[in-house]
Amino acid sequence: MPRLYVFMGPMYSGKTSEMLRAVRAARQSGAFTTDDGVRKLTVARSRMDTRSPPGAVVSRDGLEERGEHVLVVDSLDELEVVPGGMVACDEAQFFGDGSLLRLWERVAAQQGALLVSGLDRDFRGRPFGDVLALSRLHLGDAAVGSGAAGDALVEVRRLVSRCAVCGSAGALTARVSGATPAWLEEFGPGKAGRSPRCPHEPSAPIKSQQVVVGDRETYRAVCSQHHAGGLLVRATADPESPLLGSADGAVLFHGSGERV
Ligand SMILES: Nc1ncnc2c1ncn2[C@@H]1O[C@H](COP(=O)(O)OP(=O)(O)O)[C@@H](O)[C@H]1O
Ligand SMILES: Cc1cn([C@H]2C[C@H](O)[C@@H](COP(=O)(O)O)O2)c(=O)[nH]c1=O
């Protein structure tokens, strides 16, 4: 029976970690060991992801897959799919060329298993690549998902992180940039009674394109109340300031410039 497992959600929610845990369990079961030179387990990630060490997929909490079965590709069409094999795909949002959906069809046709870890939405809250579409196939709202895939076991887990502003559950990701000293001087913390519009002239301007590879210096998980259209200006020059998963000490501004 074909099997599809999707781990989606915002950054820092444990998507990669959960996927690697599942890959490890599958590997330890012995069901996917290379047989007669046929590789039964493949872990793939996008070449766009320049943060991970070469030839490896790693999670923030220290899990990793490394070895010949880890492939870095431009498109998932490059992957070979074998009967009964397992393919795990990290950073799946970067495969917006349709190859993620095609991969699922190919894996399902071979009665295999596909594990997917990826952002369902970009910083503005818009669908990112085909992760959301894949997660919905079994609901029958798309043409793909018929045939072998139509009979698949499907498990979709939407994980959440913690809002960097208020500490409650955060299912979205916002893009952050530091404010200029001049802006802070005029409108920053302690300047009560003012509600200026953010000048959007931070020292590192907030980029508007969908793909900007980055980590804590650029992104925070947030709840829907503090998503603010996906743009946050941080009033501190320290990219390592304590923002992740805690409201303590975090000085964040809505895109409108209002302190939150
Ligand atoms: N800066 C960090 N340092 C260490 N662990 C972290 C950090 N940020 C998040 N984590 C932990 O790592 C896990 C999430 O990491 P990961 O799976 O790589 O996230 P995702 O793939 O969703 O972006 C969570 O268990 C979280 O508690
Ligand atoms: C929200 C958002 C994220 N990205 C990039 C930033 C990171 O390189 C990855 C996500 O990594 P993670 O393993 O989920 O932490 O995606 C982007 O390019 N555009 C966005 O809008």
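Laboratory data are not the source of any read-out in this text; all were calculated from the coordinates shown. Since we're looking at a predicted model, the values are computed, not measured. No Cβ is skipped: glycine too gets one built from the backbone with ideal geometry, and neighbour counts run over all protein chains shown.
General remarks:
- 5 Å binning of all Cα-Cα separations within the range 1-118, expressed as whole percents from 0 upward: 2, 12, 24, 28, 22, 10, 3, 0
- Listed residue (GLY98, LEU63, GLY85) projecting farthest to the positive dipole end of the range 34-101, Cβ model: LEU63
- Inter-label distance, nm, simple model (7 Å from Cα along the C-beta direction), ALA56/GLN111: 3.7
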